[in-house]
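Worksheet: the structure to be examined is printed underneath.
Laboratory data are not the source of any read-out in this text; all were calculated from the coordinates shown. This structure is a prediction, so every number in the text was calculated from the model and none was measured.
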Amino acid sequence: MLPAWTILLVSALYVGLLFAIAYSADKLGDRGLSLVNNPYVYTLSIAVYCTAWTFYGSVGLATEAGLAFLTIYLGPTLMALLWWLVLRKIVRISKLYRLTSVADFVASRYGKSMLLGGLTALIALVGTTPYIALQLQAVSSSFDVLLHFPDMEAVQTAGAGFLDDKALYVTILLAVFTILFGTRHIDATERLEGMVVAVAFESVVKLIAFLAVGVFVTFILFAGPGELFAEAAAVPAVEELGLLTSLPGGYGTWMALLALSALAIVFLPRQWQVSVVENVNEDHIRTASWLFPLYLLVINLFVLPIAMAGMVVFGPDVAGDDYVLALPLAAEQSLLGLLVYIGGFSAATGMVIVATIAVAIMVSNDLVMPTLLRMRRFQASARHDLSGLVVAIRRVVICGILALGYAYYLLIADMYALVSIGLISFVAVAQFAPAVLLGLFWKGASRRGALAGLIGGFLVWLYTLLMPSLAEAGLLAEGLLLHGPAGIEWLHPHGLFGLDMDPIAHAFFWTMLVNVGLLVGISLSDRQSDIERIQAALFVDVFLRSERDARFWEGTATVGDLQDLLGRFVGRARAAEVIREYSSHLGRTLKADEQAQPELVNHVERLLAGSIGSASARVMVSSIVKGEALSYEGVMEILDATSRAIEYSRRLEEKSQALEDATRELRAANERLKELDQLKDEFVSMVSHELRTPLTSIRAFGEILLNNPEMDADQRREFLEVVVRESERLTRLINQVLDLSKIESGSAEWQLQEVDLGRLAREAAESTQQLFAERQTGLDVDVAIDDTAVKGDPDRLMQLIINLLSNASKFTEPAEGQVNLKVREGRGDNLRLEVSDNGPGISAEDQRRIFDKFHQVTLAQAGKPKGSGLGLAICRLIADAHWGRLWVESEPGHGSTFVCELPRAGGEHCDITGHINLAGRTDPELE
Amino acid sequence: MSQEILIVDDETNIVLSLEFLMKQAGFQVRTAQDGEQAIQALEERVPDLVLLDVMMPRKDGYEVCQEIRRREAWSHLPVVMLTAKGRDVEREKGLAMGADDYITKPFSTQEVVETVQSILAGGAD
């Protein structure tokens, strides 16, 4: 038992410390040494989630529901996994458009709707007031416990006198703190660094205090967890504590609490304030998403041991909510008791401070300002400075909220367990979830849908949770809770349509059903206005677009008007500074009567949104801008211009690439055509040359003979022989040219049949016998195998063999020459036909070109009848047409061997169609 | 002393006919089978006129003509080119190379003789 003045002194000292911390953090921040640009401070500030309810109430809940008390910490843990996806998007949007509260966020998302902003602010106010009352009650009752323990009777009756009321003093202290550190800046978008650091500090204090009592109870009061659990097992009430299943309402309730707390960690006004508005760096979210769950785990580590210890030590004499404080006091550890009290005090004050400032911002920006701005004397035409008014309003609102919380505390707070009041608030703020979450990812969510969802959900909340709580407090007819309104059972506030669930889970189920149902249903059948569609696109696609692109105003205002407007709300000096900064950004001085760029108009609107809310800011700006706001199409056009330009250039690049490819292909084809054309030209030229040459002799000797009738008989005979030989040469040439072009054009007819290559070789040798005899050259035929059947055109194959044989005869020396014709097994399924000679051989250069048309190998001996230069070209075409190969093997001085391989008849490669595959020209070098 | 003609062609029968025609017109004749033989023959003794085929192995008529025009001692030697390639561009090319005239095969025997005689007569003036 401690004297009251000690407790009061310590409380005052603690608050003083908070002031000092907040003050120095603000001063450091002003000097550029920000403490909040730190992921750990950010995470600790989010731990404002753990209020006096956590500090005292968790143990209370654990005495009733065992491990199930963890549910409201599991929800946030699960949500932390989604933070990078959801919270980061909210943070990005809020920073981009200077949205300073969940109400402003909802209003802005749904077309800067004043109505939605106001409604959200109202729900937040109504939902938060009991929660603030709960903290005041916790502080007050912990004070009483500390003062009167172990006299629990005195605890129950304490604080009756008005001036005796500790909660009042606490409320006043908190109001002073919140006003000092919550409205320090005129521009609400300036961060409340001092407040954030103080709150983070409080998170450390409450963690240390709770761990201290946990360690004390577990290891000093009892000899460790083993003994504690053993002793607890002997208490019947502990035995009744099953684990998760013991929560009233079973799994349905459990799931509902899980979802409810997951939403609360995002949508509670104080959570939104610390995690969204006060976020300095999006990367901090990454750290918080694992560190915050860890904090929750650690602070809950000793909840169950303390609950069990309390049940062992006190039994039902002391309320579970008081165990944390009562256990050290029972062990006469007054100092530890004082530390616990300060821990609970810090948990409560942290929550009250942040919740108050968060709700105050909403109420002043989304309820009070819009109402004031509707009044004639605040209209834009009146030029007086409103910046002082903005701050004053916020301060008054802070006091008002705390007064409301205090009033609620006086009225009914002691009627309810801590947990229930907290959960009632949870369900209220969960109403924001559908509008925010769907609005974040679904462009189709409309203003009317969000409005209907919020109103519907809120009304159900009022009916299923607030009214019963008032009824329980005796403020409404008690029959409502027993039989339903007017005795209608299925309208019972805790059992609509006979649904039998825990009241919180029941309310959560119905509010969400109504809220989401109305939002989705109405949005689907709704037509959005231009501004709604613009805002929806800006929010949903926030990561796709850059800030600079977002322009709305087509009409213009003068720079002077904008500066005046801004000055009215943020102060003239600040407004002048903004214009100066913008000028230096532009790189030139802006004149007051100059038409402002749309960017400046938007910049001013955003700054105003930070001070008076987005909906009011829009109204104010539109009052001085002459001309229209852009249509949806207009804005989308600007927004998409950049991305479209990128898309266009990408497509252009693709197209030009495709064009380039096509051009390259065309060029290649053209080259090939030119090449072919040139080849054809050359061919024609060659043919012309080859035809003119014998003609020249024929004509010359014809004229000589004609002009010289007295020529002697021998000479006449010699000349006539030349004429005849050259005529024969001409005929041969013409035949071969025709033959070649016939084969090449594919119009040659092929008489396909099975041909005995061996017999063909012997016949060819026979028919060239005369030639070899004339040149006194030897010719041997050697067919070494029996089956020599190929499929082909016998005449063409004969032509091929004869050509090769006559070539060979031409290139051998008379009398010494020897030509061998062989038929052998070839590689694979082929037959091999060889014509070898002992002539001069062929140079490597000639070997490459010997099958080209009109290629003539220079003959060492002159005076021989020249070939047409087409024979080998025709031979190769014939071999190709039979899917065969023809090549030459030779070394100068050692004779030449022409080799032709042809597929056997019936072999797998024998697929002769008669079509000449010119592309598949044989090339021995590939073998 | 009668003038000498160098006949250069790889076609034996054409050389035979030209030789007959030139001798009949009263010229002395030497022959060559290709471009290289022609250069050799020129180095041996410079004739009064060259009848030069274009398409020949080893060194073609254009090259021979160019070489003749390059060498100081031969630069005024009249050259008449003979070609079986009928295209006009060949004629242009031959004249550009410095040929004095250009006769397409198959030629009229009378034209060849008259061309040679007129060039040699003009050169005598």
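Listed by chain and number, the lysines whose C-alpha is less than 25 Å from the C-alpha of A:Lys89, apart from same-chain residues fewer than 8 away, are A:Lys112, A:Lys443. Relative to its Kirkwood radius, the Cα radius of gyration of region A:684-843 gives an Rg/Rh of 1.08. One decimal place: the segment A:Leu544-A:Ala233 gains 106.1 nm when fully extended, by the rule 0.36 nm per residue minus the C-alpha distance. Along its principal axes, region A:738-788 has C-alpha extents of 38, 31, 12 angstrom, given from the largest down.
The lysines whose alpha-carbon is closer than 29 Å to the alpha-carbon of A:Lys166, local same-chain residues fewer than 8 away aside, are A:Lys206. Spherically averaged projected area of the convex hull of Cα atoms, region B:4-124: 6.6 nm². For region A:7-417, the alpha carbon positions stretch 77, 48, 42 Å along the principal axes, listed from largest to smallest. Residue pairs exceeding 25 angstrom between C-alpha atoms, taken from A:Lys674/A:Lys742; A:Lys674/A:Lys853; A:Lys853/B:Lys59; A:Lys810/B:Lys105; B:Lys23/B:Lys93: A:Lys810/B:Lys105; B:Lys23/B:Lys93. For region A:209-359, the Stokes-Einstein estimate of translational diffusion at 4 °C and a viscosity of 1.567 mPa s comes to 73 µm²/s, using the Kirkwood hydrodynamic radius over alpha-carbon pairs. With Cα atoms as the point set, the radius of gyration and Dmax of region A:38-108 evaluate to 15.8, 46 Å. Taking all C-alpha pairs of region A:658-738, those more than 21 Å from each other amount to 54 percent. Principal axis extents of the C-alpha atoms in region A:252-316 (largest first, rounded to whole Å): 48, 27, 18.
Taking the empirical scaling 2.2 N^0.38 Å for compact globular proteins as reference, region A:277-409 has a Cα radius of gyration ratio of 1.60. Once the cut-off is 12 Å, how many percent of the Cα-Cα pairs in region B:65-105 end up in the long-distance tail? Value for region B:65-105: 54 percent of Cα pairs lie more than 12 Å apart. Between A:Arg827 and A:Glu332, full extension at 0.36 nm per residue minus the direct alpha carbon distance yields a gain of 167.4 nm.
Could you work out the percent of alpha carbon pairs in region A:82-153 separated by over 15 Å, rounded to a whole number? Every Cα pair in region A:82-153 considered, those over 15 Å come to 68 percent.
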